[in-house]
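**Q** What follows is a structure written as structure tokens; I'll ask about it next.
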Amino acid sequence: MRFRIGILDAARARAHALSQRGALFPWRTINGQEASAYYAAGTAQYHIDADIAYAMCKYADVCADENFLLTEALPVLVETARLWVDLGFFRGPERSFHIHSVTGPDEYSAVVNNNLYTNLMARMNLMRAAQAVLTLAEVDPGKYADLAAELGVTECEVTSWQEAATAMYIPYHEWFGVHPQDEDFLKREVWDLAGTPIEKLPLLLHYHPLVIYRFQVLKQADAILALFLAGESFTPEEKRADYEYYEPITTGDSTLSAVVQAIIAAEVGYQDRALESFMEGAFVDLADLHHNTGEGVHIASAGGVWNALVYGFAGLRDHNGDITFDPRLPEGWEALRFAFKLRGSRVRAELTANQLILTLEVGPGGKVSVRGQEIEVTGHEPVRIPLFGQGLRLPTLTGHVPLIHGRPANADEVTIGLPTDPVE
């Protein structure tokens, strides 16, 4: 996070180069300068601004470090909020707020209007920036005055962030019953993944981007990623419908995808597929599934494995710092153990088929929710919460062709599995 803060001036310069206000952080960088050669799948991924803001807010929420958000991180929140208000525009008599000509996480769709993930994350960015500025004005008027003088923040500007966030356009198609990945995504022809020859996968190595861009086909989780990071914006029914639509047309050509798909598959009830996706993520480098581990370990995918275990199988969610659990321990797994932050305290969790055990290790503790039941975690004695089953278990998703880097999963020569001892 401090690396991002340290390159804020370069991000400001990048925004200026693209004729925008605020700051636009680079998609690829070493020294703060944009190092992406292909703007359509690189620089156009404006959502990186919101991703950085999200990370800073997430840290502040779970570690109870509001001071960080109101001091070091605040210029980043301000400048990224400015970018979104300048980039987007109000449209129609209802004055909904739209963001055009951006690329979402899925690099098989580029320069689109109203990417679902981008709009949802931008909305969060705008809301949290406004909240942080208003909080600072309330708790420390002197520092707020310094901020206003240094960055030129005005009450009118903060109000504009709130107005844009409130009016943000979130695409939804009533007839299909799903959220379109972008404004025109559902109008395209669906790529026939099942009928694509194995030797033509991964797609990006065999088809020109302009061909791929014309189809409904995903390199990696995009709308499904929105279901995870902005999960509070969807109903359970919407999450299941969106997952069922996008999972069969996702190639898995990116190592960033499987772990996210595992999390949502577990949540909506496709637990067998969740385990398959987890295995794909866990063995990206251990089994060199993408045939490129020799060029470097996939660090983001490795971090995603922890996310798949904790957010997927343990069912943890931490929206706005509120910790909830709805476990989905795979059949045959004896236990899953991990630690997590609870408003700055450290708690150890152990999940089995029949119970969730929470033990306070450091700090005063606090409250969590387990399937709607409020649980207080304080003192030194473990808190044992009985569980009745591991959630909904749906049959295999119809039409899905599990892929491991362009090959049907059952055709892979590597046999992968996990030990029966507790995973920790």
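**Q** Taking the Cα centre of segment 2-166 as origin, sum charge times position over the Cβ atoms of Lys and Arg (+1) and Asp and Glu (-1), and report the length of that vector in debye to the nearest 20.
**A** On the way: 13 positive and 20 negative charges, 86 e Å.
That gives segment 2-166 a dipole magnitude of about 420 debye.
**Q** Calculate I(q)/I(0) for segment 2-166 by the Debye formula, one identical point scatterer on each C-alpha and no solvent, and give its log10 at q = 0.17, 0.18 Å⁻¹ to two decimals.
**A** Values, matching the q order: -1.01, -1.13.
**Q** How big is the gap, in Å, between the Cα center of segment 254-319 and the Cα center of segment 68-115?
**A** With segment 254-319 and segment 68-115 each reduced to a Cα centre, they are spaced 27 Å.
**Q** For the chain, what is the mean residue ellipticity at 222 nm derived from helices alone (per DSSP H run of n ≥ 4: -39500 (n - 2.57); sum divided by total residues; nearest 500 deg cm²/dmol)?
**A** Numbers: 14 runs with 151 residues, N = 424.
Mean residue ellipticity, 222 nm, calculated: -10500 deg cm²/dmol.
**Q** Farthest toward the dipole's positive end in the chain, which of Leu134, Ala50, His16, given Cβ charges of +1 (Lys, Arg) and -1 (Asp, Glu) about the Cα centre?
**A** His16
**Q** Which chymotrypsin sites (Phe, Trp or Tyr not before Pro) from segment 295-396 combine a DSSP loop assignment with at most 14 other Cβ atoms within 10 Å? Working shown, then result.
**A** Numbers: sites: Trp306, Tyr311, Phe313, Phe325, Trp333, Phe338, Phe340, Phe388; in loops: Trp333, Phe388.
Passing sites in segment 295-396 are Phe388.
**Q** Of the chymotrypsin sites (Phe, Trp or Tyr not before Pro) in segment 174-225, which ones lie in a loop per DSSP and count no more than 10 other C-beta atoms within 10 Å?
**A** Details: sites: Trp175, Phe176, Phe185, Trp191, Tyr207, Tyr213, Phe215; in loops: Trp175, Phe176, Trp191, Tyr207, Tyr213.
Qualifying residues, ordered by number: Trp175.
**Q** I need the fraction of alpha carbon pairs in the chain separated by more than 34 Å, rounded to a whole percent. List each step's numbers first, then the result.
**A** Values: 30103 of 89676 pairs.
Looking at the chain, the distances longer than 34 Å represent 34 percent of pairs.
**Q** Okay, next question. In the structure shown, do any of Lys143/Lys367; Lys200/Lys239; Lys58/Lys239; Lys239/Lys341; Lys219/Lys341; Lys58/Lys367 have a Cα-Cα gap over 29 Å, and if so which?
**A** On the way: Lys143/Lys367 32 Å; Lys200/Lys239 31 Å; Lys58/Lys239 22 Å; Lys239/Lys341 26 Å; Lys219/Lys341 32 Å; Lys58/Lys367 18 Å.
Too far apart for the 29 Å limit: Lys143/Lys367; Lys200/Lys239; Lys219/Lys341.
**Q** Taking every pair of alpha-carbon atoms in segment 188-411, what share in percent sits in each 10 Å bin, from 0 to the bin with the longest distance?
**A** Once binned at 10 Å, the Cα pair distances of segment 188-411 give 8, 31, 33, 18, 8, 2.
**Q** For the chain, with only Lys/Arg (+1) and Asp/Glu (-1) charged at the beta-carbon, what is the dipole magnitude about the Cα centre, in debye rounded to 20? Write out the running numbers ahead of the final one.
**A** On the way: 33 positive and 56 negative charges, 63 e Å.
Roughly 300 debye, rounded to the nearest 20.
**Q** Sticking with this structure for a sec: For segment 188-411, give the magnitude of the charge dipole about the Cα centre (Cβ charges: +1 Lys/Arg, -1 Asp/Glu; no others), in debye to the nearest 20. Please report the intermediate quantities before stating the final value.
**A** Values: 19 positive and 28 negative charges, 55 e Å.
Once rounded to the nearest 20, the dipole reads 260 debye.
**Q** Counting other Cβ atoms within 10 Å of each Cβ, which GluC sites (Glu not before Pro) in segment 293-372 have at most 10 and sit in a DSSP loop? Don't skip to the answer; put the middle values down first.
**A** On the way: sites: Glu295, Glu331, Glu334, Glu350, Glu361; in loops: Glu331, Glu334.
Answer by residue number: Glu331.
None of the figures in this text is laboratory data; all of them are computed from the coordinates on show. Everything numeric here is computed off the predicted structure, so don't read it as measured data. Glycine also receives a Cβ, built like all others from the backbone with ideal geometry; neighbour counts cover every protein chain displayed.
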